[in-house]
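This report refers to the structure that appears directly beneath it.
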Amino acid sequence: MDEAVVATDVAKRYGDTVALDGVDLTVAEGEVFGLIGPNGAGKTTLIRALTGTTPVDGEIRVFGSGPTTVDADRIGLLPQSFSPPARLTARELVDYYGGLYDSARETDAVLADVGLAETADSWYETLSGGQQRRVCVATALVNDPDLLFLDEPTTGIDPVGRRALWELLESLADGGTTVVLTSHSMAEVQRLSDRVGLLQDGQLVAVGTPTDLIADHGGRSRLVIGTAASESAVDPLREAGFAATAAADEVVVDGVSPVEIGEAVSALAAADIGYDSLTWTEPSLEDVYLQLTGERFEGVSTPGATALTEGASEEADEGAVAGGDR
Ligand code: ADP
């Protein structure tokens, strides 16, 4: 497979601040590459470097050319902050950006793709934050790029709009478009990316498929048993071969596969120990992030936990409502 992007030893300083520190990165044609990392890790600077909007040390090739000399018709860029003129309509804005390219897609088709067919004639400033972001995405798609850079594409977009945009990006990827994206949403990166790179302090500290990264750095799946008898539950679980540890009102059992859940429940039943909830959690990219950065991810979480006891969670919800009314 040919390479869309090859970055070698890319470095960038702002005064004393090291934004990028020797980044080597290759993105294959047709690949979706997700960049994650804490705030200030260098994600935006790397996108800017790859799109030629900030000069850097090192070498960058995009479709074999320099980032400022590559054919602009082949590249789409959605910067993190992008404020188009407020008193132009969505249609006028997409028309305008389309006019900058030798050949552009039909404006109406692009607006339909991002779910704005109904609001095409509204001024940008009257649209919701999510609709505005979708107009910005449309301006990045108007030239039907071969390589699309998206810096936090779904920020401010509601969950339904976000899913629609994911489907759009998946169909573009299926059609062969190469995508490099950053995101505040782990679910987004995990779902869309063929490979993920974790940037930390300007260095790419891990690169791999989500599955490989989770296998290497995500830890094991676990079962959390909510029980007031957590101390007494540990021994029977250990005797049954489980790695159980007690915490306040819960027991955490590491390395439980779905088929072993029943065995853990039987061990508790045999010891006559009751429980309020069972939650099974698969490791996700968020665990990779925690493991490698030492920080909990503060963006939009990946729902990785499966509650196995519905009654218990309903009771908990009711309790919360009652508490709030008091
Ligand atoms: P991220 O996108 O991962 O949050 P950035 O690429 O925005 O990270 O920033 C990387 C580092 O470079 C941060 O320490 C940031 O403060 C610094 N930085 C980014 N842009 C500038 C700039 N224009 N001037 C000075 N420092 C900057």
Those residues of segment 1-25 which are within 12 Å of the ligand (Cβ to nearest atom), of a type in the set (Asp, Glu) and outside any strand (DSSP E or B), in sequence order: 16
Residue within segment 32-42 that is within 23 Å of residue 130 (Cα to Cα), within 12 Å of the ligand (Cβ to nearest atom) and surrounded by 15 or more Cβ atoms within 10 Å (Cβ to Cβ) present: yes
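Right, residue 28: small (Gly, Ala, Ser), within 13 Å of the ligand (Cβ to nearest atom), in the same structural domain as residue 176 (by TED's automatic domain parsing) and touching a residue at least 60 places away in the same chain (Cβ under 8 Å) or not? First the steps, then the outcome.
Working: small (Gly, Ala, Ser): yes; within 13 Å of the ligand (Cβ to nearest atom): no; in the same structural domain as residue 176 (by TED's automatic domain parsing): yes; touching a residue at least 60 places away in the same chain (Cβ under 8 Å): yes.
Against the criterion (small (Gly, Ala, Ser), within 13 Å of the ligand (Cβ to nearest atom), in the same structural domain as residue 176 (by TED's automatic domain parsing) and touching a residue at least 60 places away in the same chain (Cβ under 8 Å)), residue 28 does not qualify.
Could you please let me know if residue 85 is over 30 Å from residue 201 (Cα atoms) and in a loop (DSSP other than H, G, I, E, B)?
On the way: over 30 Å from residue 201 (Cα atoms): yes; in a loop (DSSP other than H, G, I, E, B): yes.
Judged against the criteria, residue 85 is a match.
Would you confirm, using the coordinates I've provided, whether residue 204 is touching an Asp or Glu at 6+ places or on another chain (Cβ under 9 Å) and in contact (Cβ under 8 Å) with a residue 24 or more places away in the chain? Steps first, please.
On the way: touching an Asp or Glu at 6+ places or on another chain (Cβ under 9 Å): yes; in contact (Cβ under 8 Å) with a residue 24 or more places away in the chain: yes.
Here the answer is yes, as residue 204 does meet what is asked.
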Residues being at pLDDT below 95 and of a type in the set (A, V, I, L, M) - total across segment 79-100: 2
Tally of residues being in contact with a helix residue (DSSP H, G or I) (Cβ under 9 Å, 6 or more places away or on another chain) and assigned to a loop (DSSP other than H, G, I, E, B) across segment 43-80: 8
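May I ask you to say which residue of 81, 65 is more than 14 Å from residue 141 (Cβ to Cβ), exposed (fewer than 15 other Cβ atoms within 10 Å of the Cβ) and under 28 Å from the mean Cα position of the chain (by Cα)?
Numbers: 65 fails: under 28 Å from the mean Cα position of the chain (by Cα).
Result of the check over 81, 65: 81.
For segment 221-237, state whether one or more residues are closer than 29 Å to residue 33 by Cα and either under 32 Å from the mean Cα position of the chain (by Cα) or assigned by TED's automatic domain parsing to the domain that holds residue 187 (or both).
Step one: list which residues in segment 221-237 are closer than 29 Å to residue 33 by Cα, which gives 221-222.
Of the ones still in play, those that are also either under 32 Å from the mean Cα position of the chain (by Cα) or assigned by TED's automatic domain parsing to the domain that holds residue 187 (or both) are 221-222.
So far as segment 221-237 goes, yes, one or more of its residues are closer than 29 Å to residue 33 by Cα and either under 32 Å from the mean Cα position of the chain (by Cα) or assigned by TED's automatic domain parsing to the domain that holds residue 187 (or both).
The values are calculated or read from the model by the stated rules, or taken from the named source; none is laboratory data. From a predicted model like this one, the values you see are computed outputs, not experimental measurements. Heads up, the Cβs are rebuilt from the backbone with ideal geometry, glycines too, and the neighbour counts pull from every protein chain shown.
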